[in-house]
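A quick write-up on the structure given underneath.
The values are calculated or read from the model by the stated rules, or taken from the named source; none is laboratory data. Computed from a prediction, not measured in an experiment: that's the story for all the values here. We place every Cβ from the backbone using ideal geometry, glycine too, and count neighbours over all the protein chains shown.
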Amino acid sequence: MTRIEVIDLVVRYGDTTAVDRVSFAIAPGELVTLLGPSGCGKTTTLRAIAGLETPYSGGIRLNGDLVWSAQPRRNIPAEKRGVSMVFQSYAIWPHMTVFENVAYGLRVRGVSNAEIRSNVARVLDMVQMGAFADRPSSALSGGQQQRVAVARAIAFSPTVVLFDEPLSNLDAKLRAEMRVELRELQRRLDITSLYVTHDQEEALAISDRVIVMNGGRIEQIGSPEDIYNRPVSRFVADFVGSANMIEGGVTTVNADGSVVFQTKAGSLIHAAAGQRDSTTLALRSSYIHLHPDEANAIAGTIHRRMFHGDFIQYVIDWPDGQLIVRRPPTELLEEGSAITVSFAPEYCVLL
Amino acid sequence: MRDPRVWIVPILILVVGALVLYPLAFLITESFNIGDPQIFPPEEWGAGNYIQLFEEPRVIGNTLLVASIATVLAVVFGFIQAWILTRTQIPGRDRLERLMELPYYMTPLIGALAWGVLLGPKTGLVNQVWRSVGFSSDFFNIYSPQGIAWVMALFEGTVAFVMISAAMKSMDPSLEESSRVLGAGKLRTALRITLPMVAPGVLSATIFVFAEMLGSFAAAFVLGIPGRFYVVTTAIWESTLSYPPDYGHAAAMGLSLFGAMLITLGLARVIMRHGSYATITGKAFRPRPMDVGGLRYPLMGIAWGYIAVAVILPLAALTLTSFQRFATVIIPQMQFTLANYRTAFALGSLGPAFANSMILGVTVSSVAVPVIAVLAWIIYRTTMPGRMLMEYVVMIPAAVLWAWINIPIPLYGTLWLLGIAYFTVFLPLGLRTIAGVVSQVDKSLEECARVCGASWVYQMRTVTLPLLRPGLVAAWLLIFIASVRELGVSVFLMGPNSKVIAPSIVSSWLSASSELSAAMALLQTVMVFIAVAILFRVARQVTGTQA
């Protein structure tokens, strides 16, 4: 059974189509991320599932039940859909205490006071906010508000939780910590989650599967490794991670499916797989070596070196212009030195 | 359960639309009536009333003269005050900024009375002193176009200060800082960066204030009528209340005024939208005030000087006058008495006038706030068709509401009529106030309640209304204050059995003594200031919880 099923969803604002025939399904316990640049329709899709936007056509099923469809006309209001949501702005009600915020979903459902108290205490402990129950929520820091928002979203044990860029308002360090905690919590409670973010690193780190969106359409659905190693389009290769786009054309297709790609400057590159009509070769910066130890080896010089701490980024001059290469900080080479760049055919993705 | 929005919304739209559009339609019809002005609907039609306006250009000339002087004064005062209070480090800035709101609450009526007491020909307190030290003429005669403009600028021009200081505050200080870092001095930065950035704000404030001055009534009424100096608003009053009343002429004047104000305001809006660099982000920056060194104290003096002429001096003059038998500042001639206050309360109509004003204030605000809250919610939170049209309709009334003067239902001369008229006139004020609060409440706070499982009614009760409450209380108080001080509409619609304060003060001023009027004016001011004090407390709470 699927928890969330989106079928050919179209959302329009006047003449602009924000979401254009989007379909996907999410299994119980899965964490799926909608990833894309701002304006790609990811948040609109999420809000349509929550019942906060009215789609134009298509259908949405939650736990097998049709909650929205154009034909037959069906629109279950947001409050009857039984999903929960963490908002980008947290949407913590400033006129209530932390306890009242978290208890809201339970009160609406007419749960007894004793049960509310034990449930709220339980989820507040989960997000390490147990000591803050009686605080007025207007006195919380950003990170604390975020925790309360998560506690509120899971307090009434929803089957589906939607996350709308929940970490985008936190500073980098806290964001990295919360990412781990959220994933931990989601695994422990087995919550089916749909998560919207524009941060590709975050999407890769926490998801079971990633849906990359662009211009209202889905570009690719796959596991984080899939999306990173086997992008299906130039957009995905460019948006997720750091990649070099090398222009050229395929000269030979071998019997085993491997191909030879000739760059504009004439260098020949062997790729493990590819179509005859490909004109671009995508190559991850991290998969390029600065020693001649892989099958494809081409001479170049180091133009610029930038020390990032966790890695070093080199700009290499090579026959086809410039190449971005990321190496571990231990591989320190001088600017101006002549080197050979090399990379394995398996990491050459033809688009 | 059916969603209650289905029936609430159309009813509201109908009622509000009728309240605003009926008087407008009446006015338009009446302005083309060239037959017997008492007969409605008209029997003879023609543009005669409009042509008449131009045959007698004196009133139009007066209006333009007074409005122009007042606008220049208001903008100059506003600019200086705004600059001192937002951009310089002077001691006691915060207190001064709060005091700047008082002239508006003092009302132009009270201001005009007070300045009449101070600078009236011969008897004015300042003129008394002037003559007693040997001069043979007055120091200044406030019963003059310049005098009227002075009072209008002080008590109605504070909006210029508000708009200009908003423009100055919304300017990102880093724009000036980058100029300094690139090597430009303070003066160069002020001329090349600061001034161009605030210029659109100043320009739109100027136009906005000019429109307001065109429709200004109280100062021209109190200080112009005794010398038979008429501007458009007082001329309208003259032609409706003279005998026989000339409604057609009045309607033509009213509509022309309304048109002029509408065009001017539209212009201000266009300028604001197209020319303003400073307010694009809508973000509130905390401008870093300039260190003005030794100039601190002179600048503080200027700022306090404004408060002195707009608040302290008028109130002191009224107080001094109200406790005397014959107002004077020459100490040996002073005769102190409580008689004026005794008369104020004893005077047949005055007790009821106070009571009526209170009743109207409480009732009108209590009815208006919930209605306007729902309207604001519809206009700014839903995608309902026609909601933008509503916004414009609701903004119409200000200038034309005395059109209720001749209605076919038997309400004339009752409090009901005043109540309905107040309600309609204060729609724009209420809507602006509440809309500000509605837009401050993040939409996701409401959406979150829905996603948590709350119905519309439950969400309204537990989230929306509690969040709006401080704003609604503030709107209630503002409408209450506006009702208690209302003059422009009341003076047309008040009947012998429905007296209210402000027109009563005016008639006492025009027919009885200035000492009695001063006492009545102070009583009204006290009422308004009590409400203002509560308002400020509420406003502080609002900013406290949202910060």
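Determine whether segment A:114-124 contains at least one residue that is basic (Lys, Arg) and either more than 13 Å from chain B (Cβ to nearest Cβ) or free of Cβ contacts under 8 Å to residues at least 12 places away in the same chain (or both).
Within segment A:114-124 (the criterion being basic (Lys, Arg) and either more than 13 Å from chain B (Cβ to nearest Cβ) or free of Cβ contacts under 8 Å to residues at least 12 places away in the same chain (or both)), the answer is yes, since at least one residue qualifies.
Residue check: is A:SER89 within 14 Å of another protein chain (Cβ to nearest Cβ) and touching a residue at least 12 places away in the same chain (Cβ under 8 Å)?
yes
Residues in segment A:257-267: is at least one in contact with a strand residue (DSSP E or B) (Cβ under 6 Å, 6 or more places away or on another chain), part of a strand (DSSP E or B), at negative phi and surrounded by fewer than 18 Cβ atoms within 10 Å (Cβ to Cβ)?
Yes, there is a match, as at least one residue in segment A:257-267 is in contact with a strand residue (DSSP E or B) (Cβ under 6 Å, 6 or more places away or on another chain), part of a strand (DSSP E or B), at negative phi and surrounded by fewer than 18 Cβ atoms within 10 Å (Cβ to Cβ).
Which one of the conditions (1) under 30 Å from B:PHE326 (Cα atoms); (2) part of a loop (DSSP other than H, G, I, E, B) does B:GLY183 fail to meet, given that it meets all the rest?
Condition not satisfied by B:GLY183: (1).
Which condition number in (1) part of a loop (DSSP other than H, G, I, E, B); (2) assigned by TED's automatic domain parsing to the domain that holds B:GLY305; (3) without any contact (Cβ under 8 Å) to a residue 24 or more places away in the chain is the one that B:PRO41 fails?
That leaves (2) as the condition not met.
In segment A:68-84, which residue that is part of a strand (DSSP E or B) and either of a type in the set (Phe, Trp, Tyr) or closer than 18 Å to B:TRP456 by Cα (or both) is farthest from the other protein chains (Cβ to nearest Cβ)?
Looking at the filtered set, the residue picked out is A:TRP68.
Hey, among A:LEU9, A:LEU46, which residue is within 13 Å of chain B (Cβ to nearest Cβ) and buried (at least 17 other Cβ atoms within 10 Å of the Cβ)?
A:LEU46
Please tell me if A:ARG107 is facing chain B (nearest Cβ under 9 Å) and of a type in the set (Lys, Arg).
It is true that A:ARG107 is facing chain B (nearest Cβ under 9 Å) and of a type in the set (Lys, Arg).
What single numbered condition from (1) buried (at least 24 other Cβ atoms within 10 Å of the Cβ); (2) in contact with a Pro (Cβ under 6 Å, 6 or more places away or on another chain) fails to hold for B:ASP138?
Only one criterion in (1) buried (at least 24 other Cβ atoms within 10 Å of the Cβ); (2) in contact with a Pro (Cβ under 6 Å, 6 or more places away or on another chain) is unmet by B:ASP138, namely (1).
Which of the residues belonging to segment B:446-504 are away from every other protein chain (no Cβ under 11 Å), of a type in the set (Asp, Glu) and not in a loop (DSSP other than H, G, I, E, B)?
The answer is none; no residue qualifies.
What are the residues in segment A:213-233 that are touching a Gly at 6+ places or on another chain (Cβ under 6 Å) and either more than 23 Å from A:GLU346 (Cα to Cα) or surrounded by 22 or more Cβ atoms within 10 Å (Cβ to Cβ) (or both), if any?
Correct list: A:MET213, A:ASN214, A:GLY216.
Only one of (1) in a helix (DSSP H, G or I); (2) touching a Pro at 6+ places or on another chain (Cβ under 7 Å); (3) modelled with pLDDT under 85; (4) not acidic (Asp, Glu) is not met by B:LEU154, so which one is it?
(3)
Based on what the data block shows, is A:GLN128 over 25 Å from A:LYS80 (Cα atoms) and not in a helix (DSSP H, G or I)?
Yes; evaluated as a whole, the condition is true for this residue.
Conditions: (1) within 30 Å of B:ALA421 (Cβ to Cβ); (2) among the aliphatic types (A, V, I, L, M); (3) out of contact with any Lys or Arg (no Cβ under 8 Å at 6 or more places or on another chain); (4) crowded, with 19+ Cβ neighbours inside 10 Å. B:ALA353 meets all but one. Number of the miss?
Going through (1) within 30 Å of B:ALA421 (Cβ to Cβ); (2) among the aliphatic types (A, V, I, L, M); (3) out of contact with any Lys or Arg (no Cβ under 8 Å at 6 or more places or on another chain); (4) crowded, with 19+ Cβ neighbours inside 10 Å one by one, B:ALA353 breaks only (3).
Among (1) closer than 20 Å to A:ILE49 by Cα; (2) within 14 Å of chain B (Cβ to nearest Cβ); (3) at pLDDT below 95, there is one condition A:PRO94 misses while meeting the rest; what is its number?
(1)
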